[in-house]
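The values are calculated or read from the model by the stated rules, or taken from the named source; none is laboratory data. Computed from a predicted structure; not experimentally measured. Glycine also receives a Cβ, built like all others from the backbone with ideal geometry; neighbour counts cover every protein chain displayed. When the accessible area is computed, the model is the full protein with side chains, heavy atoms only, and any ligands, DNA or RNA have been set aside. Shrake-Rupley method; radii C 1.70, N 1.55, O 1.52, S 1.80 Å.
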Amino acid sequence: MDQLQYRLKIGPQEIALHPGETLVGRSEECTICLDDERLSRVHAKFVLEHGEVTVFDLGSRNGTYVNDVRLKGQLTLHSGDRIRMGQTIMRYSVAGRRKRHSTSSRTLGGVTMLDMSPPGGEESDVLHRVLQLGRLEEAEKILKARVANLVRTDPPLRVDHMLSQNVTNGMIAMADKSMDGRWLHRLFKLHATCGWWMADDVQKRVEQLIRAVGRVGGDGIASYLAFWAEHARDLSESQRDQLSRLKDLSSRESVMWNK
């Protein structure tokens with residue numbers, strides 16, 4: 001018999017529920033951290049045991065609703081149930097295991113953080129605004145949420161998707177404004193994790209930042225190069241040249257910046 005999967009669909013993302021407790025709220029201590037100001041820090045929890053998922057409201061300020069009825073205490077969920085917490089809508093489902101690998105193997109961290117802000121043009125985007133204002137700590141929180149959002153998506157979004165480009169541009173802007181090479185490491189790590197090819201114009205911007213910042217600050221480039229080395233047969237000549245350029249820059253990094 002196929003093993004069942006228990007999932008929450010939140011916007012375009014699907015989150016797998018695993019045996020035991022899954023905490024939901026605004027706090028980064030929660031398993032699912034939602035950027036929703038109407039949520040309590042620790043708002044509710046889902047408990048998966050004995051083949052059933054039960055939702056508990058944890059005394060939240062604005063309540064938890066199942067199929068538009070406010071939850072009092074706890075309730076065992078059925079596939080198709082609609083759960084609302086704050087402004088966030090979730091859809092619970094149960095299905096047989098699909099053949100492709102679970103998204104749990106694609107992660108840059110243990111917490112699932114979702115930015116629920118509606119998509120819009122760059123000028124209206126909250127990340128763009130806080131970067132323009134130089135509020136780097138706030139921008140970092142938003143970026144981490146969006147990165148976790150991307151790596152938990154099953155299947156992963158394409159590199160040319162609006163949200164993917166938003167995160168890529170945000171990481172480059174963070175590296176530029178903070179002069180912190182760890183953002184370049186995270187950018188390469190994200191591309192390797194999601195199986196994305198870095199566009200040539202993006203790589204050129206990153207190369208300029210590597211020279212300006214001094215170093216990448218992690219094994220991100222190595223991870224990216226290793227991923228594409230395994231897929232070299234699928235690459236064009238120009239793409240191989242692009243990787244060669246990056247490999248050369250990476251190999252010279254420690255010498256260049258220690259002079």
Karplus 3J(HN,Hα) series, Hz, for the range 63-72 with 6.51 cos²θ - 1.76 cosθ + 1.60 (x for Gly, Pro): x, 10, 10, 10, 6, 6, 10, 5, 7, 10
Where the range 145-203 is the region considered: accessible area per residue in Å², 1.4 Å probe: 36
Modelling each spin label as a point 7 Å along the Cα-to-Cβ direction, I'd like the R61/V126 distance in nm, to one decimal. 1.5
Skipping prolines and chain starts, which residues have an amide H placed within reach, meaning under 5 Å, of the one on L17, given they are 5 or more residues away or on another chain? Y6, R7, L8
Can you pull the percent of the range 1-92's accessible area that's carbon plus sulfur, 1.4 Å probe, other chains left in place? 46
For the pair T76 and Q208, the simple spin-label estimate (label points 7 Å beyond Cα toward Cβ) gives in nm 6.1
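For the ranges 159-171, 226-238, 64-76, what's the packing order if you count other beta-carbon atoms within 10 Å of each residue, average per peptide, and put the highest first? List each step's numbers first, then the result.
Details: 159-171: 18.3, 226-238: 10.8, 64-76: 13.5.
Top to bottom by mean Cβ count within 10 Å: 159-171, 64-76, 226-238.
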With a ≥ b ≥ c the root eigenvalues of the C-alpha gyration tensor of the range 178-221, is it rounded (a/c under 1.5), prolate (a/b larger than b/c) or oblate? oblate
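Gain in length, S93 to E37, computed as 0.36 nm per residue apart minus the alpha-carbon separation, to one decimal in nm?
My answer for the length gained is 17.6 nm.
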Can you pull the percent of the range 149-243's accessible area that's carbon plus sulfur, 1.4 Å probe, other chains left in place? 49
